[in-house]
Structure formats: C-alpha cells, structure tokens
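Trainee: There's a structure below that I have some questions on.
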Amino acid sequence: MIAIAPAVQHNWDWRAAGNFVCGGTGSGLLAMAAGAAWLGEPLFEVAAIAALAIIGLGLFLVWLEIGRPWRFANVFRNPATSWMSREAWAAALLFPVGALGAVTGSPVLISIAAALAMVFLFCQARMLHAAKGIPAWRDAAVVPLVNATGLTEGGGLLLAAAAMTGGAPNWLSITVLILVIWRGVLMLVYVYRLRGRKLPIAARGSLASMALLVVMAGSLLPAALLITTVPDWAQALGGLLAAGAGWYFKYVLVCRLAFTQGFAIEHSPTRGRSPAGPGARPGWAR
Amino acid sequence: MTRYVMVADLRRCVGCQTCTAACRTANGTPPGVQWRRVLDMEIGTYPDVRRTFVPVGCMHCEDPPCMQVCPSTATRKRDDGIVTIDYDLCIGCAYCAVACPYQARYKVERENYAYDGEPMASEVAKRDPDRIGVSTKCTFCVDRIDAGIDNGLTPGEDPEATPVCVNSCIAGALHFGDVEDPGSNVSRLLAENHFFRMHEELGTGPSIYYLWDRA
C-alpha cells in the first residue's frame, strides 16, 4: 500500500542530523574562538581546533550516509546551484585556514576561518530551505533559525567548557544570553509561520513539543541562569542547556519533523453520469 | 522546441496497476521501487464517497528542485524536458529525494530480490549494479524515445518510441507526447479538457497533466 498522506522521510537519518548538529556547533564555536582571539583570551587555539574537529565529525557522519562514499569528490561539482556543493567548498577552505590559524595563533587567520564557518553554516541552513519536498524545511524561517542555533550551540559549548575550567569571561556569558533569547524568538517565529496549512497535520505534535522544549529549556532557563551573577556550575549548566536544546532541535527537524509533501488532487474527475467533485489533500488541514 | 509531457486522464484510470507492472518489468526495478505508481484515493465521507486513481512518478519538472540541489550534477534536464540521472556521477546523498515534492526518487543500498535469497532469471537479466547506492527514478523510458527518434518514429504516437507505461495502459488513460507541438495528441487533449498539475503552488512546473473533465 502506498502512503498518500505525508510521512516522515527516511532518506536522511541521524547521520544527516549529526552533520547539522556538528556543523552548527563547530561553526558557532569557531566564531566564538575568533572573538576570544581578539580579546586575548587564553586557549582560543584549542577552541579553534575543537571546532574544526567537530565540523569534521559532522562531515564524516554524512560521508557514512551517502550511497557511494568513494565518489565524495563529486560533491564539489555544482556550486552554481547546489547549497550542498557550496557547503563542501566552504569546508574545503575552512579546514586549512582554521588549522593554520590555530597552529600560528593568528587572530586574523582564525577570524577568516570563522567567516568561512559562517558561510558553511549559512549553506547548511539554505540546504534545508532548498528541500522543497519537506514542508518543515522549506519555510524561509528555517534559515535564520538554523544560523542562530549554530551560533548558540557553539557559544553554549564554549561557555560550559570555560566555566568548568576556571571561569567564563563576561563577554561570553552576555553573548550566549543574547543568542539564547534570539534563538527563542526565531523559534517562535518559525512555529508561527508553520501554523495552519503550511505543515501536515501529523507533524504538528512534534513541532509543538519540540518548540516548547527548546524555548523553555534552551532559552528561558539558560537566560535565567545567565542573567544574574551565578556560580560557575550554573554558567556551565546554562551553556550546556543552550547547546543541548540546539542539538535536540536539529535531531527533531531532520528525523521527526521531516514529513513529506504527500499527494493531492485539485479535482476528482467526472465518472459516467457522476459530475466532477472536489479534490483531496490527505494529511493536510482543509 | 520539444517538451515531452504525460497526460493522465483520471476519468479513465481504473487503478489496475498494469502501468506499474509494465514499468517494473521494462526497467527491472527491485522490490519496493516503483517508478510508476497509481495512488488509490478515497475522497469524502459516507455516503458521499468517491474513489480516484492517480498515476504518479517523476514529474520531469520544468524547474526541477532535484536538479538545483544535486551537488554532483548527476541530475540534469535535457532540451526536450526529460530529467535524467547519471548513475556514474551520483554520490547517493539523497538530497534530490528530499527536494522532490513528489516522492519520485528511490535509493537502494544493496541488491535485493522479490524472493529471499536467489534472484529469478528475469532479475539476473535486468541486474544493474550501477543503480546500487544512487538515486533512481522514472526516465520517461528515455532510451526508447531516443532509439525511436533515431529510427524516424514519433514519441507518443509510435509505441516503439513511447514509454512502456503508456503503451500498457488498458484504459487509454495515459498519453505521452510533445506539448510544444499544437498538433500532438497531448496538446489536443489539453485543449479539449480541464486539467491540473499536482502541487502547482510549489512552482516546479510538473510535466504530468491530469484531466478531470471536458472543457
């Protein structure tokens, strides 16, 4: 029996979600490392190396998913229209520049790598937006949300690491505070845009529960923890919540919220003496 | 300029799935892969219920989202509108599959057969390792079209140059031809009948037209 109503896609699984999780976290972390480099914070090189490793892990996960892994170099062939190709090119430039910056300790090179990481992150967001077959991805609100989430994940992770290893600097706490609030607002915008007829009925439950958790545990709670002067453990918890909520969002977005378009007809046909009738769009609200 | 399209007359389709079987036989698709499918849609509530059979597959869109997203350039659109996949270039990322709003693309990770274990003789004959781990979909039987044209035949009129699903249709519901030719069978059908295209609002410009009433 062929499913007519929208159903969760199975072409991309947790490995693809892992690429979005690691790509966002690594890119965000690299952006924070660039900030740390200019402010003369210690160990920014370590953060940059960790960021590259995380991005690399994500790409490795997606490499495990493709059907012909030894043809991976073909991914570079279509930067003219494919955001996946552009993502690959951004990664190809990002790794040598980032590694050189980390080895030499050059804030300029780290900053260039961070800019490339932002391009990489933007490409990931546009990849989802370009997937016309998945209503939860193709909405334009997914682009700023995925970008903000990536920055929040990276900032949250660095904040947690800094808080657990001797205290987080104020600028980082404030940056993450701003990011969690921004991400929360963008999540609400995303949910608002997908109301009504823009999402299959079956996907609504997953969207509502995910958004509630991300806003509550990923924005409000970390904001409450970071808005006052708090001990290091609370800063670390706030950072981990900010990052973890982003990881959860990406997993749900790829693996649970990714319902297909389904099938629809605008009219049912005339049949013998029976006149034409209304169409149908199974799985969607009228 | 030529642009090949398919016309499905919903008034005529009886849901026999002969087109599905013909496609699977001609193209040797493995279990679970149906490049041509016929949906069985029930519309309404008792006692006012209708049943409509809807042939679907790759829509060979005018602006194919699968081609735009393909990172390897494996998916291309020919000048005659047929969207093709180069199995030697495809990396099997399945980005095209999530970009397609018609669920027309398939990726098979390993060879499998209709009956567990050994393949049947027909499966051996149609075996194509190039299709493992890559995206596949309806080709509008492009090999038949090209061979037919080379032999001076007209796709949509001469069966040897026409997709097998169209040839096999027992009800005369499926038609194929050049929509840019005002004298073609499909142009005539579209002029004489009301039609729609699926998910028109997405802007893909699908090349399967559904007839639902006389104009």
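Only the coordinates and a few stated rules stand behind these numbers; no lab work does. These figures come from a predicted structure and were not determined experimentally. As a convention, Cβ positions derive from the backbone with ideal geometry for all residues, glycine included, and neighbour counts pool all protein chains shown.
Trainee: Ignore the peptide's own chain and count Cβ atoms of other chains within 10 Å of each Cβ in A:81-88; give me the average, rounded. All intermediate terms of the calculation are to be shown ahead of the outcome.
Mentor: On the way: counts 6, 12, 4, 7, 6, 1, 1, 1.
Rounded to a whole number, the mean comes out at 5.
Trainee: Would you kindly derive the ³J(HN,Hα) couplings of region B:22-39 from the backbone phi angles with the Karplus curve 6.51 cos²θ - 1.76 cosθ + 1.60 (θ = phi - 60°), listing them in order in whole Hz, with x for Gly and Pro?
Mentor: Karplus values, whole Hz, x for Gly and Pro: 5, 5, 5, 5, 5, 9, x, 6, x, x, x, 10, 10, 5, 10, 10, 10, 7.
Trainee: Further question on the same structure: In percent, how large is the relative contact order of region B:4-214, given Cα pairs closer than 8 Å and 6 or more residues apart?
Mentor: Details: 395 pairs, mean separation 60.3, N = 211.
Relative contact order comes out at 29 percent.
Trainee: Another one. P(r) tail for chain A, what percent of Cα pairs lie past 31 Å?
Mentor: Numbers: 13284 of 40755 pairs.
Value for chain A (Cα pairs over 31 Å): 33 percent.
Trainee: Suppose every K and R has +1 on its Cβ and every D and E has -1 on its Cβ; what is the size of the dipole of chain B about the Cα centre, in Debye to the nearest 20?
Mentor: Once rounded to the nearest 20, the dipole reads 480 debye.
Trainee: Oh, and also: Picking from A:136, A:26, A:72, whose Cα lies most toward the positive end of the charge dipole for chain A (charges on Cβ: Lys, Arg +1; Asp, Glu -1)?
Mentor: Farthest along the dipole direction, towards plus: A:136.
Trainee: Only helical DSSP H runs with n ≥ 4 go in: add -39500 (n - 2.57) per run for chain B, normalise by residue count and round the 222 nm mean residue ellipticity to 500 deg cm²/dmol. Don't jump to the answer; show the numbers that get you there.
Mentor: Details: 7 runs with 47 residues, N = 215.
Result for chain B, helices only: -5500 deg cm²/dmol.
Trainee: Which three semi-axes in whole Å describe the equivalent ellipsoid of the protein assembly as shown, each the square root of 5 times a Cα gyration tensor eigenvalue, listed largest first?
Mentor: They are 49, 26, 18 Å, listed from largest to smallest.
Trainee: Taking only Cα atoms and a 10 Å spring cutoff, compute GNM fluctuations for chain A and point out the largest among A:72, A:259, A:60.
Mentor: Greatest mean-square fluctuation among the candidates belongs to A:72.
Trainee: Rounded, prolate or oblate for chain B? Axes are the square roots of the Cα gyration tensor eigenvalues, ordered a ≥ b ≥ c, and the cut-off for rounded is a/c under 1.5. Please list the in-between numbers first.
Mentor: Numbers: a/c = 1.42, a/b = 1.26, b/c = 1.13.
Rounded.
Trainee: Assuming R0 = 22 Å, what is the FRET efficiency of residue B:181 and residue B:147, from their Cβ-Cβ distance, to the nearest 0.05?
Mentor: Values: r = 20 Å, r/R0 = 0.90.
Taking R0 as 22 Å, the efficiency between residue B:181 and residue B:147 is 0.65.
Trainee: Please label the shape of region A:134-286 as rounded, prolate or oblate, based on the square roots a ≥ b ≥ c of the eigenvalues of the alpha-carbon gyration tensor (a/c under 1.5 means rounded; beyond that, a/b larger than b/c means prolate, else oblate). Intermediate values should be presented prior to the final figure.
Mentor: On the way: a/c = 4.10, a/b = 3.94, b/c = 1.04.
In terms of gyration-tensor shape, prolate.
Trainee: Let me ask something else. Please compute the Cα-Cα pair-distance distribution of region A:86-155 with 5 Å bins starting at 0, giving whole percents from short to long.
Mentor: 4, 18, 21, 20, 17, 9, 6, 4, 1
Trainee: Taking H as built 1.01 Å from N, whose amide H comes closer than 5 Å to the amide H of residue B:93, not counting residues under 5 places away?
Mentor: A:67
Trainee: Once both labels are modelled 7 Å past Cα along the beta-carbon direction, what's the residue B:88-residue B:109 spacing in nm?
Mentor: 2.8 nm
Trainee: Still on this structure, please answer the following. Give, rounded to the nearest 20 debye, the magnitude of the charge dipole that the protein assembly as shown has about its Cα centre when Lys and Arg contribute +1 at Cβ and Asp and Glu contribute -1 at Cβ. Spell out each step's value before the answer.
Mentor: Details: 42 positive and 39 negative charges, 241 e Å.
The calculated dipole for the protein assembly as shown is roughly 1160 debye.
Trainee: What does the charge count near residue A:169 come to, summing +1 for each Lys or Arg and -1 for each Asp or Glu among other residues with Cβ under 14 Å from its Cβ? Provide the component values of the computation, followed by the final result.
Mentor: Values: positive: none; negative: A:41, A:232.
That works out to -2.
Trainee: For chain B, set up a GNM with springs between Cα atoms under 10 Å and report which of B:16, B:70, B:169 has the largest fluctuation.
Mentor: B:16
Trainee: So which lysines pass the test for residue A:198, namely a Cα distance under 30 Å, with those fewer than 8 places away in the same chain ruled out?
Mentor: A:132, A:250, B:77, B:107, B:137
Trainee: Shape call for region B:73-159 from the C-alpha gyration tensor, a ≥ b ≥ c root eigenvalues: rounded (a/c under 1.5), prolate (a/b greater than b/c) or oblate?
Mentor: Details: a/c = 2.27, a/b = 1.25, b/c = 1.81.
Judged from the Cα gyration tensor, region B:73-159 comes out oblate (a/c at least 1.5, b/c at or above a/b).
Trainee: Could you tally the net charge around residue A:107, taking each other residue with its Cβ under 11 Å from the Cβ of residue A:107, Lys/Arg +1 and Asp/Glu -1?
Mentor: Net of charged neighbours comes to -2.
Trainee: Where in region B:160-177 is the amide nitrogen less than 13 Å from a point lying 7 Å along the Cα-to-Cβ axis of residue B:14?
Mentor: Residues B:169-173 fall inside that zone.
Trainee: Using DSSP to call loops (not H, G, I, E or B), can you name the GluC sites (Glu not before Pro) in region B:60-136 whose Cβ has at most 12 other Cβ atoms within 10 angstrom?
Mentor: B:109
Trainee: Can you tell me the FRET efficiency between residue A:171 and residue A:248 if r is taken as the Cβ-Cβ distance and R0 is 41 Å, rounded to the nearest 0.05? The partial results should precede the final answer.
Mentor: Details: r = 27 Å, r/R0 = 0.65.
Calculated value: 0.95.
Trainee: Same structure again: What net charge is computed for the residues neighbouring residue A:69, neighbours being all others with C-beta under 13 Å from the C-beta of residue A:69, Lys and Arg scored +1, Asp and Glu -1?
Mentor: Values: positive: A:15, A:68, A:71; negative: A:65, B:109.
Within the 13 Å Cβ shell, the charges total +1.
Trainee: Taking only DSSP H segments of four or more residues, each worth -39500 (n - 2.57), what value at 222 nm results for chain A once the sum is divided by all its residues, to the nearest 500 deg cm²/dmol? The partial results should precede the final answer.
Mentor: Working: 10 runs with 188 residues, N = 286.
Mean residue ellipticity, 222 nm, calculated: -22500 deg cm²/dmol.
Trainee: Right, next: Most mobile of A:204, A:271, A:15 per a Gaussian network model of chain A (Cα springs, under 10 Å)?
Mentor: A:271
Trainee: Mean separation of Cα pairs under 8 Å and 6+ residues apart, divided by the residue count of chain A: what relative contact order is that in percent?
Mentor: Numbers: 498 pairs, mean separation 71.9, N = 286.
25 percent.
Trainee: What's the FRET efficiency of residue A:89 with residue A:271 using the Cβ-Cβ distance as r and R₀ = 60 Å, to the nearest 0.05? All intermediate terms of the calculation are to be shown ahead of the outcome.
Mentor: Working: r = 54 Å, r/R0 = 0.90.
For residue A:89 and residue A:271, the calculated efficiency is 0.65.
Trainee: Give the long-range amide H neighbours of residue B:176: residues separated by 5 or more places, or on another chain, with amide H under 5 Å away, using H modelled in the peptide plane at 1.01 Å from N.
Mentor: For residue B:176, the qualifying residues are B:7.
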